[in-house]
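See below for the structure under consideration.
The values are calculated or read from the model by the stated rules, or taken from the named source; none is laboratory data. Keep in mind it's a predicted model, so treat the numbers as computed, not measured. All Cβ positions, even for glycine, are placed from backbone atoms using ideal geometry, and neighbour counts span all protein chains on display.
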Amino acid sequence: LLQCHHYFGSILWFVFQLSNVEKFLGEFVVCNRKDAEEALSCGNVDWWKDMIVDMEISPGHDQIKMSSLSMVTQLARATCASQEFITLLEEWPIPVFPIKGLDLMSAGVKSGPKMRLTLSYLFDLWKKSRYEMNKEELLSHALDDAIPDPPSPRKMAKKRRAENSVNK
């Protein structure tokens, strides 16, 4: 289904010469509209706030040219949300994730893949607390056993030389 939307979006871009931002926004609305309509009908404001936070400040998020707040409010408009609801989203102060890599290093977390997994784990805890946990509370969980170990690096196979090749 996503490939269909991507194909359709590519055709629209070609026919109408949309900018990359407009194309990205269109694909975003098409891909998230069903979930957004469900969240809107249930009155689930947290879904909308989580969408903004995930796009804006989650570890490893994509840097995009359009702000996540603008994208989410456009999605709200596409699902016929009331102006009051859109204003509520626009006036909501986006929280700041209190943990940085240096904080994790000072807490004893090894740099590299383990740090990324730890940062994601702490971000999920912070999100579940509805953005209420502070830096100290989060750092107390930095060495939890629930944080998975990174997969071991794969060893590269040695290249085989053709039997008939000769070193010169």
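Suppose we keep only residues that are among the hydrophobic types (A, V, I, L, M, F, W, C) and at pLDDT below 90 within segment 42-71. Which one would you say is farthest from the chain's Cα centre (by Cα)? Can you show your working first?
Here is the first cut: in segment 42-71, the ones among the hydrophobic types (A, V, I, L, M, F, W, C) are 42, 45, 47-48, 51-53, 55, 57, 64, 66, 69, 71.
From what is left, the residues that are at pLDDT below 90 are 57, 64, 66.
Numbers: 57: 8, 64: 11, 66: 14 Å.
Checked segment 42-71; the qualifying residue farthest from the chain's Cα centre (by Cα) is 66.
Out of 79, 73, 87, which single residue is surrounded by 16 or more Cβ atoms within 10 Å (Cβ to Cβ), over 30 Å from residue 142 (Cα atoms) and free of Cβ contacts under 8 Å to residues at least 24 places away in the same chain? Lay out the reasoning, then the answer.
Working: 79 fails: free of Cβ contacts under 8 Å to residues at least 24 places away in the same chain; 87 fails: surrounded by 16 or more Cβ atoms within 10 Å (Cβ to Cβ).
None of the others qualify; the one that does is 73.
Counting only residues that are of a type in the set (Lys, Arg) and in contact with a helix residue (DSSP H, G or I) (Cβ under 6 Å, 6 or more places away or on another chain), give me the helices (runs of 4 or more DSSP H) lying completely in segment 12-130 with at least 1 of them. Write out each step before concluding.
Numbers: elements: 20-42, 45-56, 68-78, 83-91, 101-106, 113-128.
In segment 12-130, the matching helices (runs of 4 or more DSSP H) lie at 20-42.
Can you name every residue in segment 134-153 that is part of a loop (DSSP other than H, G, I, E, B), surrounded by 10 or more Cβ atoms within 10 Å (Cβ to Cβ) and of a type outside the set (Ser, Thr, Tyr)?
Answer for segment 134-153, where residues must be part of a loop (DSSP other than H, G, I, E, B), surrounded by 10 or more Cβ atoms within 10 Å (Cβ to Cβ) and of a type outside the set (Ser, Thr, Tyr): 134, 141, 142, 143, 144, 147, 148, 150.
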